[in-house]
Amino acid sequence: MTASLPSSLTSFVHQEPATPIVIVGHVDHGKSTLIGRLLHDTDNLPDGKVAQIIASSKKRGLKTEWSFLLDSLQIERDQGVTVDSTRIPFLLDKREFVIVDAPGHRQFLRNMITGAADAEAAVLVVDAAEGAREQTRRHAMLLHLIGIRHVIVLLNKVDLLAFDQAKIEAAEKSVAELLKKLDLEVALSIPASARDGDNIASRSDQMPWYKGPTLTEALAQVPLPASRADLPLRLPVQDVYRFEDKRYVAGRIERGRLRVGDTVIIGTQKTPAKIASIASWHTAPQVSAAAGQSVAVTLEPDVIPDRGDLLHKQDTPPVAASRIRTRLFWLRQEPLRVGESFHLRLATAEHAVTVAAINSVVNLDDLTEYAGEEVPAEGFAEITLAAAETILFDAFAPGTADGRGVLVDRQQRIVGGAPLLGPAAIAEGDKLIHPTGSTVTEQDRARARGHRGGVFWLTGLSGSGKSTLARTTETALFAEGVDVTVLDGDTLRAGLCKDLGFSEADRTENVRRAAEVARILRDAGQVVLVALISPLQSDRALARQILGEEFAEVFVDADLATCEQRDPKGLYAAARSGKISAFTGIDSPYEAPVRPALHLKTSAGSVESETKTLASFIKETVKLSGALKARS
Amino acid sequence: MDHLDQLEAQSVFILREAYRKLKPLAMLWSLGKDSNVMVWLAKKAFLGRVPFPVMHVDTGKKFPEMYAFRDEYSKKWELDLLLGTCPPVEEMDPSLPPAARSAARKTAGLAAMIETHKLQGVIAGIRRDEQGTRAKERVFSPRGASHKWDIRNQPPEFWDQYATPHEEGMHIRVHPLLSWREIDIWRYIEREGIPLVDLYFAKNGKRYRSLGDQDITSPVESNASTLAEVIAELETTRTSERSGRAMDHESEDAFERLRVAGYL
C-alpha cells in the first residue's frame, strides 16, 4: 500500500526544524476559517476529516464551517469561540511549518501569548471591509513586543468588497500605517477570501490586478531563523547533578558555543573555570556544542554553580545591573502599580524584584504612549524593575530566546512577560524602592549561631495545643542554646494585627503578616515557631510562598471533641452559645494539611513526649551541614 | 542542529526542568513507542540513568508481547519500575460509551498511583498531533486535587517558563513529547536504535500503529515490516494514528470527556 522509498532517501527529507507561524487577528475576521482552508487546499488533512467537518456543520445547520477543524473541542464548537491556542504541523513542498492558531477574544490574551511567543512569523488576518479593530491593534502590539518582525497581512473577506482594487488598497494602506507606528514592517499584504480559497493556495481569478504572491507562496518565503551560535556564549545553569562521584553542570546554551578547554566565568561570583568535558550518553563524543543544545559539562576546578548562574566568556560579559528597564505585557485582570513585588524568571534564574517605576503606558486605541500611574488589566507598558542583587542579562533582540523574562506572583502564577531593554538610571521623581541585600550571608549567621534559621508553622484547631507546645519547645530548645522565638496568634493580634478581625480576608492578612515577620526573623538566623490556627490550605500555601523551602508545616492534630473539652480560653462554649461566630471547627472550616512535615497527634500523647518529638525534629532540620561545621 | 536534534534538546530541557522542580516525580511507561522514546530521552538528559521511578499503570489487558518487553527492558535499562493496577470496568462511569469506559480504568489506576506515591510530577508521552484535545495541552499541565484538567483555565506558558505547583494536593503533568509528531518518533527510533515491541511491524498484512488494551485496539492494514518501511508508509498515509483506538471514535466528545477527567 505504500511507496517504498529507500531509507537512505527518506532520512534526507524534512531535516530543517519546523517554522512556527502564528495566525492572529480580531475575533470573527476569519482566522480559523483561514487555517482550515489552508490545510485543505494544501492537502494536509487526513482522510475522513473533510467528511467529518461537513457532517458537524450540517448537524448545527451551517454551511461547511472550516473552523470546526481546529475548534475540535466540544465546548468551543457549541459557543463558536476558540478557547486556547492550537498547534498544527503543516507541510508545504517539503518545508515544515507549525501553524499556531491564537484566539481573538480579549480575555484569552494569555492563551494567545502561549501560542505566539515562539513564532518566527505572523499572519495578521484583517477583515478588509471592517479594517483594523481593537484586537488587531492589541495583537500587532504583542507581535512587536515578542519580537516578531516578519508580518504577513492577510486582507480577508475581499469578496465583501466585490474584489474592488481601490477599496482593497485603501484598507491595505490603513493597516500598513497602523503597523508602522509599532515599528512593524509589513513583509507582504495579500487580498484574499479564506472561505472560498482565493489567493490562499491558488491564485484568485477575481483579482487579476493583484500580482503578489498567494499565502502559500508568501509562507515559503519566510526566512529561516538566524543562528545564535555566533553570538557571545550564554549558558544559564539549569541544574547541577552528582552521579557516581562526578559533578555535572546541566543547561541549554542560549547563545554562542563552547569547547572543551574553554575558560568560562560563572555568574555574579565571577569564578573562572575550565570546561573539562562535555558529557553525554549514546551520542558521539563531543568537544564543542552550540546554541540550542542541552548539554552537561564538567568543570575544572570542580566548582559548584547554582541554578540560574550564567556561564559566559571573560571578554564578552553580559550587562550587569540591579535596575532594569523592560517592556511589559501585563496578563493580570487587575491593574499593576508601583511598589508591587514579584519574581522575575529569566532563563533559569529567579530574582526578587519590585516595580520601581511605570515609565509609560500604551494607549491601545491609537497606540500612543502616555505617562500613567498604573498598567491597566491586560495592558502594555514600559516599566523599571529593581532587584536586591545584581542581575546578569542581555537586552532582548528579535531572533534570540533569552533577554526576556516573566513576572510571577506569590502564588507562582505568571502575570506578565518582560522583554528586557537595558539598565535603568535612577531618575529624579522615581519612587525609590530598592531592597538592599545584606552582606552578612546566611552561612555567616548559621556559623555564628551553630544552627541555621527556620520556620516551623504549627497549625491546628483552637485548643489542639499549638501554643502550649510552642512554648514548651521554645524552653527546651533555648536550654540547648538554640536561638528561638515564638509567634503566637493571640500575641500578634494584640499588637501587630490589632486592626484585623476574623473575616476570611482578615485571617489571610493575619497569616501574611505572621509569615513576613517570621521571614525576617528566619533570615536573621532564628528558629521561629509560629502557632496559628491558619485553617485554610490556601493561607498556608501563601505562607509557604513567602517563606520558601525553609517552611515546615507541623500539624498539631487533636479531634474536635478533645479540643472542645479542653477549651482553655472558653471559646468553644462561646461559639456554641452563639456569642462568637465564624469559629474554626464550629461554623468555619478547618482544612487539615495533606502532607505536613510533622504530624503530632495530641489527643492521646503527653505534652512531654510531643515536645521531645518536635524539638528533635527542629534540631535535625536546622543543624549545620558537615561542610559548614568543618569550616566554622 | 537538524529537526530531531532540536526536538531532543527541547525534551531534555523539559525533563531537566521537571526533575529540578517537581518532587516526587515519576514517568509513565506504557510500553509503547512514544514512552520508549521518552525513557531514552531521560537517559540522555541524565547521562545514562533514569533518576526517578518509571510507572506502568497496568490494565491487565495488554498484549503478551508488551509484558515480555516490560520485563526485559526494565532490567536492561535499570529502571526503578512501579506497577499499578486498575479497578474493574464496573466501577467506571456507566454513561461513557463502552470503549471509553474501559479506557477510564487507566485514569482511575493512575489517580491511585499519584495518591499512593504523593507525586508532584507525572511525565507522560502525549503528543499534540495525536488528537484535537491533546493539541491544546501545555508542556507543564497543572491538575487540581481531583486530577481534573481545567481546559478553560490553563496557565499561560511561554519562553520555556513553566507552571509550578502552588497548592497542596495538586500535581503537574509533564509532556516532553508534546511537539513531536508520529513520524519524528519513528525517525528518532531509527536514528537511535531504540527497541520496540514487534507488534508495530506488519505480519500477514497488518500492523499496530498505536498500542493500547488488546480488546479496544485494532491493527491497520500494512505491509511495513521494517523501520524504513514504516517511515515510508507514514510519509504517504492519510489516516490518523489513533484510528485503531476505539474510544476516540465512539462519540464526538467521548475522548475529551476522558481527558478532562484525567486521562492522558
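The values are calculated or read from the model by the stated rules, or taken from the named source; none is laboratory data. What you see is a predicted model, and the numbers here were worked out from it, not measured in a lab. For neighbour counting, all protein chains shown are included, and Cβ atoms are generated from backbone atoms with ideal geometry for every residue, glycine included. All accessible areas refer to the heavy atoms of the entire protein, side chains included, with ligands and DNA or RNA removed. Shrake-Rupley method; radii C 1.70, N 1.55, O 1.52, S 1.80 Å.
May I ask you to list the residues in the range B:206-216 that are modelled with pLDDT under 85 and open to solvent by less than 30 Å² (accessible area, probe 1.4 Å)?
Looking only at the range B:206-216, we keep the residues that are modelled with pLDDT under 85, and these are B:212-216.
Answer for the range B:206-216, where residues must be modelled with pLDDT under 85 and open to solvent by less than 30 Å² (accessible area, probe 1.4 Å): B:212, B:213, B:216.
Give the range A:313-327 a look and list any residue that's buried (at least 22 other Cβ atoms within 10 Å of the Cβ) and away from chain B (no Cβ under 14 Å), or say none.
Answer for the range A:313-327, where residues must be buried (at least 22 other Cβ atoms within 10 Å of the Cβ) and away from chain B (no Cβ under 14 Å): just A:324.
If you go through the range B:200-208 one residue at a time, do you hit one that is within 17 Å of the chain's Cα centre (by Cα), more than 11 Å from chain A (Cβ to nearest Cβ) and under 27 Å from residue B:112 (Cβ atoms)?
No - not one qualifying residue is present in the range B:200-208.
Do we find that residue B:155 is more than 12 Å from every other protein chain (Cβ to nearest Cβ), more than 20 Å from the chain's Cα centre (by Cα) and open to solvent by less than 60 Å² (accessible area, probe 1.4 Å) in this structure?
Considered against the rule, which asks whether it is more than 12 Å from every other protein chain (Cβ to nearest Cβ), more than 20 Å from the chain's Cα centre (by Cα) and open to solvent by less than 60 Å² (accessible area, probe 1.4 Å), residue B:155 comes out as no.
Answer yes or no as to whether residue A:404 is among the charged types (D, E, K, R), within 26 Å of residue A:254 (Cβ to Cβ) and open to solvent by less than 20 Å² (accessible area, probe 1.4 Å). It would help to see each step written out before you state the result.
Values: among the charged types (D, E, K, R): yes; within 26 Å of residue A:254 (Cβ to Cβ): yes; open to solvent by less than 20 Å² (accessible area, probe 1.4 Å): no.
So residue A:404 does not fit the description; no.
Given the conditions (1) in a helix (DSSP H, G or I); (2) closer than 15 Å to residue A:618 by Cβ, report the number of the one that residue A:520 does not fulfil.
Going through (1) in a helix (DSSP H, G or I); (2) closer than 15 Å to residue A:618 by Cβ one by one, residue A:520 breaks only (2).
Within the range A:151-169, can one find any residue that is among the small types (Gly, Ala, Ser) and surrounded by 15 or more Cβ atoms within 10 Å (Cβ to Cβ)?
Checked against the condition, which is being among the small types (Gly, Ala, Ser) and surrounded by 15 or more Cβ atoms within 10 Å (Cβ to Cβ), the range A:151-169 yields no hits at all.
As an exercise: evaluate residue A:574 against (1) open to solvent by 70 Å² or more (accessible area, probe 1.4 Å); (2) modelled with pLDDT of 80 or more and give the number of the one condition it does not meet.
It fails just one condition, (1).
Restricting the search to the range A:287-304, which residues are away from every other protein chain (no Cβ under 12 Å) and either assigned to a strand (DSSP E or B) or open to solvent by 40 Å² or more (accessible area, probe 1.4 Å) (or both)?
A:287, A:288, A:299, A:300, A:301, A:302, A:304, listed by residue number.
Give the number of residues within the range A:549-569 that are aliphatic (A, V, I, L, M) and closer than 17 Å to residue A:518 by Cβ. Step through it out loud before you land on a result.
We begin by selecting, within the range A:549-569, every residue aliphatic (A, V, I, L, M); these are A:552, A:554, A:556, A:558, A:560-561.
Filter again for closer than 17 Å to residue A:518 by Cβ, leaving A:552, A:554, A:556.
Going through the range A:549-569 one residue at a time, the tally reaches 3.
Across the range B:19-35, what is the total count of residues that are of a type in the set (A, V, I, L, M) and assigned to a loop (DSSP other than H, G, I, E, B)? Walk me through how you get there before you give the answer.
Narrowing the range B:19-35 to residues of a type in the set (A, V, I, L, M): B:22, B:25-28, B:31.
Subsequent filtering for residues that are assigned to a loop (DSSP other than H, G, I, E, B) retains B:22, B:31.
Final tally of qualifying residues: 2.
Would you pick out the residues in the range A:469-491 that are in a helix (DSSP H, G or I) and either in contact (Cβ under 8 Å) with a residue 40 or more places away in the chain or under 24 Å from residue A:448 (Cα atoms) (or both)? Reasoning before the result, please.
Filtering the range A:469-491 down to residues in a helix (DSSP H, G or I) leaves A:469-479, A:489-491.
Selection gives A:469, A:470, A:472, A:473, A:474, A:475, A:476, A:477, A:478, A:479, A:489.
Search the range B:1-13 for residues being modelled with pLDDT of 95 or more and within 7 Å of chain A (Cβ to nearest Cβ), and hand back the single one that is surrounded by the fewest Cβ atoms within 10 Å (Cβ to Cβ).
B:9
Sort out which residues of the range A:330-366 are open to solvent by 20 Å² or more (accessible area, probe 1.4 Å), part of a loop (DSSP other than H, G, I, E, B) and of a type outside the set (D, E, K, R), and write them in order of number.
Once the filter is applied, which keeps residues that are open to solvent by 20 Å² or more (accessible area, probe 1.4 Å), part of a loop (DSSP other than H, G, I, E, B) and of a type outside the set (D, E, K, R), the range A:330-366 yields A:333, A:335, A:338, A:339, A:347, A:364.
Taking the range A:355-376, which residues are under 22 Å from residue A:110 (Cα atoms) and not acidic (Asp, Glu)?
A:355, A:358, A:360, A:361, A:362, A:363, A:364, A:367, A:375, A:376
Is it the case that residue B:229 is at the interface with chain A (Cβ under 10 Å from one of its Cβ atoms) and surrounded by fewer than 17 Cβ atoms within 10 Å (Cβ to Cβ)?
no
Grab the strands (runs of 3 or more DSSP E) fully contained in the range B:71-151, keeping just those with 3 or more residues being touching a Leu at 6+ places or on another chain (Cβ under 9 Å). Break it down into steps so the answer makes sense when it comes.
Numbers: elements: B:81-85, B:121-123, B:140-143.
The strands (runs of 3 or more DSSP E) meeting that bar are B:121-123.
Being more than 17 Å from residue A:31 (Cα to Cα), touching a residue at least 40 places away in the same chain (Cβ under 8 Å) and part of a strand (DSSP E or B) is the filter here, so list the residues in the range A:172-222 that pass it.
Answer for the range A:172-222, where residues must be more than 17 Å from residue A:31 (Cα to Cα), touching a residue at least 40 places away in the same chain (Cβ under 8 Å) and part of a strand (DSSP E or B): A:187, A:202.
Being in contact (Cβ under 8 Å) with a residue 12 or more places away in the chain and either over 23 Å from residue A:397 (Cα atoms) or touching a Cys at 6+ places or on another chain (Cβ under 6 Å) (or both) narrows it down to one residue among A:249, A:237; which is it? Don't jump to the end; show me each part of the working.
Working: A:237 fails: either over 23 Å from residue A:397 (Cα atoms) or touching a Cys at 6+ places or on another chain (Cβ under 6 Å) (or both).
Only one candidate passes the filter, namely A:249.
Give me a count of the residues in the range B:25-81 that are within 14 Å of chain A (Cβ to nearest Cβ), farther than 20 Å from residue B:119 by Cβ and open to solvent by 30 Å² or more (accessible area, probe 1.4 Å).
Of the residues in that region, 2 qualify.
Checking residue B:236 against (1) under 22 Å from residue A:97 (Cβ atoms); (2) crowded, with 16+ Cβ neighbours inside 10 Å; (3) out of contact with any strand residue (DSSP E or B) (no Cβ under 8 Å at 6 or more places or on another chain), which test does it fail?
The one condition residue B:236 does not meet is (2).
Being within 11 Å of chain A (Cβ to nearest Cβ) and in contact with a strand residue (DSSP E or B) (Cβ under 7 Å, 6 or more places away or on another chain) is the filter here, so list the residues in the range B:173-188 that pass it.
Taking the range B:173-188 as the starting set, the residues that turn out to be within 11 Å of chain A (Cβ to nearest Cβ) are B:178-184, B:186-187.
Listed by number, the list holds a single entry, B:181.
Give me the residue from the range B:112-137 that is at pLDDT 90 or above and within 30 Å of residue A:418 (Cβ to Cβ) and, out of that set, nearest to the other protein chains (Cβ to nearest Cβ).
If we take residues in the range B:112-137 being at pLDDT 90 or above and within 30 Å of residue A:418 (Cβ to Cβ), then B:120 is nearest to the other protein chains (Cβ to nearest Cβ).
Of all residues in the range A:592-613 being under 37 Å from the mean Cα position of the chain (by Cα) and open to solvent by less than 50 Å² (accessible area, probe 1.4 Å), which is nearest to residue A:483 (Cα to Cα)?
Once the filter is applied, the top-ranked residue is A:598.
Confirm whether residue B:16 is farther than 22 Å from residue B:127 by Cβ, modelled with pLDDT of 95 or more, part of a helix (DSSP H, G or I) and within 13 Å of chain A (Cβ to nearest Cβ). Break it down into steps so the answer makes sense when it comes.
Working: farther than 22 Å from residue B:127 by Cβ: no; modelled with pLDDT of 95 or more: yes; part of a helix (DSSP H, G or I): yes; within 13 Å of chain A (Cβ to nearest Cβ): yes.
Spelling it out, it is not the case that residue B:16 is farther than 22 Å from residue B:127 by Cβ, modelled with pLDDT of 95 or more, part of a helix (DSSP H, G or I) and within 13 Å of chain A (Cβ to nearest Cβ).
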